[in-house]
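The values are calculated or read from the model by the stated rules, or taken from the named source; none is laboratory data. Given the structure is predicted, the values throughout are model-derived calculations rather than measurements. Using ideal geometry, Cβ is built from the backbone for each residue, glycine included, and neighbour counts are taken over all protein chains shown.
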């Protein structure tokens, strides 16, 4: 499968993503129509499920699938902090409510994948329960 087909496929919370030549897999914490949020310990990445509509930029051509971090320097904070039951400015990938709020901000455009902290996905493999279920050809 190609990268565009894989990121638009039925990726589930708990799946593991092997992206490019990264040394470790990332665990999928949340999925929305436009994004996949994955983490490994304190590291995280946001996979944009739609091809870029800009380019070329920093070697990323128009129409590429990208991933990367957000643009927040000290951690993301939701717009409505009164409804939070988590510590602000820290990432809580194990908290479904936090993940849902974070993805909602990505979907609305309030938060985005940083232009300076993104990279093109050349290959992505999906593991479910430790077994390879989708791979880039």
### Query
Quick one: residue 136 ticks every box in (1) in contact with a helix residue (DSSP H, G or I) (Cβ under 8 Å, 6 or more places away or on another chain); (2) modelled with pLDDT of 75 or more; (3) loosely packed, with under 13 Cβ neighbours inside 10 Å bar one, so which box is it?
(3)
### Query
Do we find that residue 131 is surrounded by 12 or more Cβ atoms within 10 Å (Cβ to Cβ) and either in contact with a helix residue (DSSP H, G or I) (Cβ under 7 Å, 6 or more places away or on another chain) or modelled with pLDDT of 85 or more (or both) in this structure?
no
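Among residues belonging to the range 50-76 that are modelled with pLDDT under 70 and surrounded by fewer than 14 Cβ atoms within 10 Å (Cβ to Cβ), point out the one that is nearest to residue 110 (Cα to Cα).
Filtering the range 50-76 for residues modelled with pLDDT under 70 gives 72-76.
Checking which are surrounded by fewer than 14 Cβ atoms within 10 Å (Cβ to Cβ) leaves us with 72-75.
Values: 72: 11, 73: 15, 74: 16, 75: 14 Å.
The qualifying residue nearest to residue 110 (Cα to Cα) is 72.
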### Query
With respect to the numbered conditions (1) touching a strand residue (DSSP E or B) at 6+ places or on another chain (Cβ under 8 Å); (2) modelled with pLDDT under 95; (3) surrounded by 19 or more Cβ atoms within 10 Å (Cβ to Cβ), which one is the sole condition not fulfilled by residue 38?
(2)
